[in-house]
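Read the structure below first, then the notes.
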Amino acid sequence: MDSDVAARRMLQTIFILLLIHAISCGIQPSEKRELKEKVLEMFNHAYGSYMDHAFPADELMPLSCKGRYRGSEQSRGDVDDSLGNFSLTLIDTLDTLVVLGQIDDFEDAVKLVIQEVTFDTDVVVSVFETNIRVLGGLLGGHVVAAYLKRVKKGMLWYNNELLVKAKDIGERLLPAFNTTTGIPYPRVNLKYGLCKVNSRTGVEKDTCTACAGTMILEFAALSRLTGDPIFEEKAHKAMEFLWKQRHRSSDLVGTVINIHNGDWVRRDSGIGAGIDSYYEYLLKGYILLGDETYLNRFNTHYDAIMRYVNQGPLMLDVHMHKPTSNTRHFMDALTAFWPGLQVLKGDIKPAIEIHELLYQITQRHNFLPEVSSD
């Protein structure tokens, strides 16, 4: 890394720290303590209820206070593709326990994952959800477990067991990338890959942009931690293809793409459902890996979004080939991630404006609606 790049990264880090400090200074110490205790109370209620009433199921069903197991409850359609009978909530929570300082609970949770969780199961799962929640959860848990052991704050017995499981689930996702474009199938069978008859795998033609472009962080981390380059190579190829398929005039991408020939199935472009985390992973891919190609591509897309999609105060989908034409006149709830990404980029003023809009919508309805136009 040359000195200019290192200096820029240091300045970005200092800027973010100063911003956090400035924001925190606006809250009185007593209010910060109250907010901290409220967060802990909410977390302990949710996590404790899951462990008491649902584990080893994937989720807690809040009305019946029972665990939801894949295949034992009435199907909810594609929503259930995030479940795999692999104690999803437990894995998803691992690094949060450490962030909240609950080291003993983290150690107990890691032992449960090691002892109880298996992935050799005849179940079809979402590649996207399994990557960000299961693989991501295992990698996050491994990193903090290894850190605690290194600084002798706990986990002295730990011997990379979570990383072994992370590689196991990563390898089970790899068959999804067996397409001519490198864009992964949206689903895979954990036991049989794409080969299980009548399992909805290996027959799909389309996937959303977010599903195709939200792999590089976890897959690159897995490659770097295990020394096996195949994961990063597969995720990088998918990102390369999405970039290649952008509209060269508008620099926008669509929302749904054919995984076999690369044709856009849905040409509407925005920042909400179906496309959101592709942008997030471009910027964070640069932060994690130091590859300026990801940063340059993010900035190109960002400029196009702020030119066409940003229709102050709303962020509205447009046609990628005719970016002055709206394809819808409302925002969906997933748009709420955007101001945070803008802060990470350092574009503070528009981030404040969009965040204020979303805050006012939330205040009006007492929650953030699935879609809103005001």
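How high is the relative contact order of the range 207-369, in percent, with contacts defined as C-alpha pairs under 8 Å that are six or more residues apart?
So the answer I get is 19 percent.
Could you line up Asp276, Asp168 from fewest to most neighbouring Cβ atoms inside 10 Å?
Least crowded to most crowded, the residues run Asp168, Asp276.
Quick one: length gained pulling Ser72 to Ser325 fully straight, 0.36 nm per residue minus the C-alpha distance?
Extending this stretch completely gives an extra 86.5 nm.
For His45 and Ile230 in the same chain, what is the full-extension length gain: residue separation times 0.36 nm, less their Cα-Cα distance, in nm?
Gain on extension, His45 to Ile230, equals 62.6 nm.
Describe numerically, in nm with one decimal, the distance between label points set 7 Å from Cα along Cα→Cβ at Ile352 and at Val371.
Placing both labels 7 Å along Cα→Cβ, they lie 3.2 nm apart.
What fraction of the Cα pairs in the range 68-161, stated in percent, has a spacing above 20 angstrom?
Looking at the range 68-161, the distances longer than 20 Å represent 38 percent of pairs.
Hey, any idea what Rg/Rh is for the range 207-369, computing Rh the Kirkwood way over Cα pairs?
Result: Rg/Rh = 0.98.
Excluding residues fewer than 8 places away in the same chain, name every one of the aspartates and glutamates whose C-alpha is closer than 18 Å to that of Lys66.
Asp52, Asp58, Asp80
Can you give the net charge of the other residues whose Cβ lies under 12 Å from the Cβ of Arg266, counting K and R as +1 and D and E as -1?
Result for the neighbourhood of Arg266: -2.
Using θ = phi - 60° and the Karplus form 6.51 cos²θ - 1.76 cosθ + 1.60, what ³J(HN,Hα) does each residue of the range 28-33 get, whole Hz, x for Gly and Pro?
For the range 28-33, the Karplus-derived couplings read 5, x, 5, 5, 4, 5 Hz, x marking Gly and Pro.
Put +1 on the Cβ of each Lys and Arg and -1 on the Cβ of each Asp and Glu in the chain; which of Leu163, Ile259, Val125 then has its Cα farthest toward the positive end of the dipole?
After comparing all options, I get Ile259.
Rounded, prolate or oblate: pick one for the range 35-204, where a ≥ b ≥ c are the square roots of the eigenvalues of its C-alpha gyration tensor, a/c under 1.5 means rounded, and failing that, prolate if a/b is larger than b/c, else oblate.
In terms of gyration-tensor shape, oblate.
Hey, what number do you get for the chain at 222 nm if only DSSP H runs of n ≥ 4 count, each worth -39500 (n - 2.57), divided across all residues, to the nearest 500?
Mean residue ellipticity at 222 nm (helix-derived): -16000 deg cm²/dmol.
Under 25 Å from the Cα of Lys36, which lysines turn up, not counting those fewer than eight places away in the same chain?
Once the sequence-local lysines are set aside, what remains near Lys36 is Lys153.
R0 = 35 Å: FRET efficiency of Ser30 with Lys111, Cβ-based, nearest 0.05?
Calculated transfer efficiency: 0.40.
Cα to Cα, under 12 Å, and not fewer than 8 places away if on the same chain: which aspartates and glutamates meet these conditions relative to Lys244?
Asp263
Counting Lys and Arg as +1 and Asp and Glu as -1, what is the net charge of the other residues whose Cβ lies under 11 Å from the Cβ of Ile91?
The answer is -2.
With equal scatterers on the alpha carbons only and no solvent term, can you work out the Debye log10 of I(q)/I(0) for the chain at 0.08, 0.11 1/Å?
For the chain at q = 0.08, 0.11 Å⁻¹, log10 I(q)/I(0) is -0.45, -0.90.
Which distance in nm do the two modelled labels at Ser249 and Arg307 give, with both placed 7 Å along the Cα-to-Cβ direction?
So the label points at Ser249 and Arg307 sit 1.2 nm apart.
Please get the size of the charge dipole for the chain, origin at its Cα centre, with Cβ charges of +1 on Lys and Arg and -1 on Asp and Glu, quoted in debye to the nearest 20.
In total the dipole reaches around 540 debye.
So what's the net charge close to Arg297: Lys and Arg +1, Asp and Glu -1, counting the other residues with Cβ under 15 Å from its Cβ?
Spelling it out: positives minus negatives among the neighbours equals 0.
When only C-alpha pairs under 8 Å and at least 6 residues apart count, what is the relative contact order of the chain, in percent?
Relative contact order, the chain: 10 percent.
All of the numbers you see were taken from the coordinates with simple rules; none came from a lab. If you're wondering where the values come from, they're calculated on a predicted model, not measured in any experiment. Reconstructed Cβ throughout: ideal geometry from the backbone, glycine too, with neighbour counts over all protein chains shown.
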